[in-house]
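Taking it in order: structure first as structure tokens, then the write-up.
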């Protein structure tokens, strides 16, 4: 049985949320670490939930709008991951796989939005 692409993407977004939660647990318990933890937990765990909402969209426009929210949250996650990397709050080796997955998810969602916006051909 072949897994549908939307199920595969939903699973990747769930795993991304888990990576974010694990990474946030490694941030230092200080003012900066706590600030970044709060920001990253919010934006890094929401793409999966928003994607689930997109899957249940009421229209094509609603689907595109909700995917736009997923993309926005992923881009914010990328920003905070880069801050963590630049400030050296935790080892770069630990941040890099999460950042790479974030970049891949951004590319997938951006392509999905582009595809969804294309006018459908009449057969």
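No value in this document is a laboratory result; all are computed from the given coordinates. Quick caveat: nothing in here was measured; it's all calculated off a predicted structure. All Cβ positions, glycine included, derive from the backbone under ideal geometry; neighbour counts span all protein chains shown.
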| request: Report, in degrees rounded to the nearest 10, the 0 to 90 angle that the Cα long axis of helix 5-25 makes with the longest principal axis of the chain. | output: 10 degrees
| request: Can you tell me how much longer the chain between residue 18 and residue 35 gets when fully stretched, taken as 0.36 nm per residue apart minus their C-alpha distance, in nm with one decimal? | output: 4.2 nm
| remark: GNM on the chain, Cα springs under 10 Å; top mean-square fluctuation among 44, 68, 33 goes to 33
| How far is the Cα center of region 45-123 from the Cα center of region 8-28, in Å? | 13 Å
| field | For region 1-68: rounded, prolate or oblate by the Cα gyration tensor [a/c cutoff 1.5] | value | oblate
| query | On a 0 to 90 degree scale, rounded to 10, what angle separates helix 31-55 from the longest Cα axis of the chain? | reply | 10 degrees
| 12 Å reach of a label modelled at residue 53, 7 Å along Cα-to-Cβ, counting backbone N of region 1-39 | none
| message | So I have (1) 30, 14, 12; (2) 22, 18, 16; (3) 26, 15, 13, and one of them is semi-axes √(5λ) of the Cα gyration tensor in Å calculated from this model. Which one is it? | response | (1)
| task | Give the angle, between 0 and 90 degrees and rounded to the nearest 10, that separates the Cα long axis of helix 60-87 from the longest principal axis of the Cα atoms of the chain. | result | 20 degrees
| query | Given the rule -39500 (n - 2.57) for each run of at least 4 DSSP H residues, summed and divided by the residues of the chain, what is its mean residue ellipticity at 222 nm, to the nearest 500 deg cm²/dmol? | reply | -29000 deg cm²/dmol
